[in-house]
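What follows is a short report on a single structure.
Derivation of every value follows stated rules applied to the coordinates shown; laboratory data play no part. Keep in mind that this is a model prediction, so the values were computed, not measured. Here the Cβ positions follow ideal geometry from the backbone for every residue, glycine too, while neighbour counts run over all protein chains shown.
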Amino acid sequence: MVRSERWTPFLFLFPAIALLVIWRYVPLVLGLREAVYTNALSFNAEREFVGLGNFRRIFDDPTFRNALSVTLRFNAIVNPLQTALALGLAVVANQSVRGIGAFRTILLLPVAISINVSALAWGLALDGNYGVVNGMLDALGIGTQPFLRSTDQALPTMVGIVSWIGVPLWMLFFLAGLQGIPTEVLEAARLDGASRLRSFVDITLPLLRRVTAFVLVSATVANLTLFVPPYLLTRGGPQESTNMLMYDAWERGFIYSDFGASAAMVIILLAISLVVVAVEFALLRPRH
């Protein structure tokens, strides 16, 4: 190979690498720097290096501790729920029956709608005064529910809204994984007398391990950094019951101009994401 040709692949990769560095790594470095300095009182003011001072300050703040608790509880529920629902719907959508194409189309409709529109639509549907959901509940004699206005119901309602948005997307990956499993393997299991349930547990699930890892990790990253639904629907309320870390970090930085605390919270959220993702990869590592 001519020496100059060795650099050809790197020339094609350079734009993507440059964008990755500019939009990912540069903000990360700037965020790390912001987290260890005090806020500047003016553009020309000297900032003081405080080391871990911002981190100690937010851990002493009950609002941050509540946001951390809400975020972890929310993710402990929504990530396994989304993964299980997506897998179940993928199994149903993978059946060769009449009308399955229309069924798949209906399932995928939420994917075609932006998260902003979906969140606002659900906010209107769940409204206590004129929402269609409460209208149906009232007609059935159940009575209207506060949903996003209740400290007890707001977080479970947020789980439902986020799952309605996320599950169809994750279902696509499971459906692709199911269709990639050789039919000969499943037919051989049936000839050996294995039931559908046994074939699913002993054959399908192990063959979907990589897809499951991808879906669970992707859902974890997306839900740990969830911002749009809390911002549009609850603003962290009522009484901070849906105040998650990403929203709290945004509020501190762009409402109260406490950029040091905001950056420190984002760094903590990044660390939590790395730890959780590492555990998930370890648990779902393919076994040979």
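The phi-based Karplus calculation (6.51 cos²θ - 1.76 cosθ + 1.60; θ = phi - 60°) puts the 3J(HN,Hα) values of segment 120-128 at 5, 4, 5, x, 5, 5, 9, 4, x Hz, whole numbers, x for Gly and Pro. Per-residue Karplus couplings for segment 60-66, computed as 6.51 cos²θ - 1.76 cosθ + 1.60 with θ equal to phi - 60°, are listed in order as 7, 8, x, 5, 5, 4, 5 Hz, Gly and Pro entered as x. Shown here for segment 195-281: trypsin sites (Lys or Arg not before Pro) in loop regions (DSSP other than H, G, I, E, B) with at most 16 other Cβ atoms within 10 Å, namely Arg235. Between the residues Trp23, Ala139, Leu226, the greatest Cα displacement towards the positive end of the dipole of the chain, with unit charges on the Cβ of Lys, Arg, Asp and Glu, is found for Trp23.
Helices in the chain, meaning DSSP H runs of at least 4 residues, each add -39500 (n - 2.57). Divided by all residues, the mean residue ellipticity at 222 nm is -20000 deg cm²/dmol. In this Cβ point-charge picture (+1 for Lys and Arg, -1 for Asp and Glu), segment 139-256 has a dipole of about 60 debye about its Cα centre. Could you tell me how far the Cα centroid of segment 124-186 sits from the Cα centroid of segment 229-273, in Å? Between the Cα centres of segment 229-273 and segment 124-186 lies a distance of 24 Å. If only the Cβ of Lys and Arg carry +1 and only the Cβ of Asp and Glu carry -1, the dipole of the chain around its Cα centre is close to 740 debye. With a simple spin-label model that places each label point 7 Å from the Cα along the Cα-to-Cβ direction, the separation between Ile106 and Ser273 comes to 3.6 nm. Remark on Tyr37: its backbone amide H falls under 5 Å from those of Val50, a criterion applied only to residues 5 or more positions apart or on other chains, H modelled at 1.01 Å from N.
Candidates Ile268, Ala102, Leu155 compared by Cα position along the dipole of the chain: farthest toward the positive end lies Ala102, with charges placed on Cβ. Subtracting the Cα-Cα distance of Arg209 and Trp23 from their residue separation scaled by 0.36 nm leaves 63.8 nm.
Place a point 7 Å from Cα of Phe281 in the direction of its Cβ. Which residues in segment 13-34 have their backbone N less than 18 Å from it? Only 25 fall inside the zone, counting backbone N under 18 Å. Extending 7 Å from Cα along the Cβ direction at Asp60 and again at Ala76 yields two label points whose distance is 2.8 nm.
Are there chymotrypsin sites (Phe, Trp or Tyr not before Pro) in segment 34-97 that DSSP puts in a loop and that have at most 10 other Cβ atoms within 10 Å, and which ones? Passing both the DSSP loop test and the Cβ count: Phe43.
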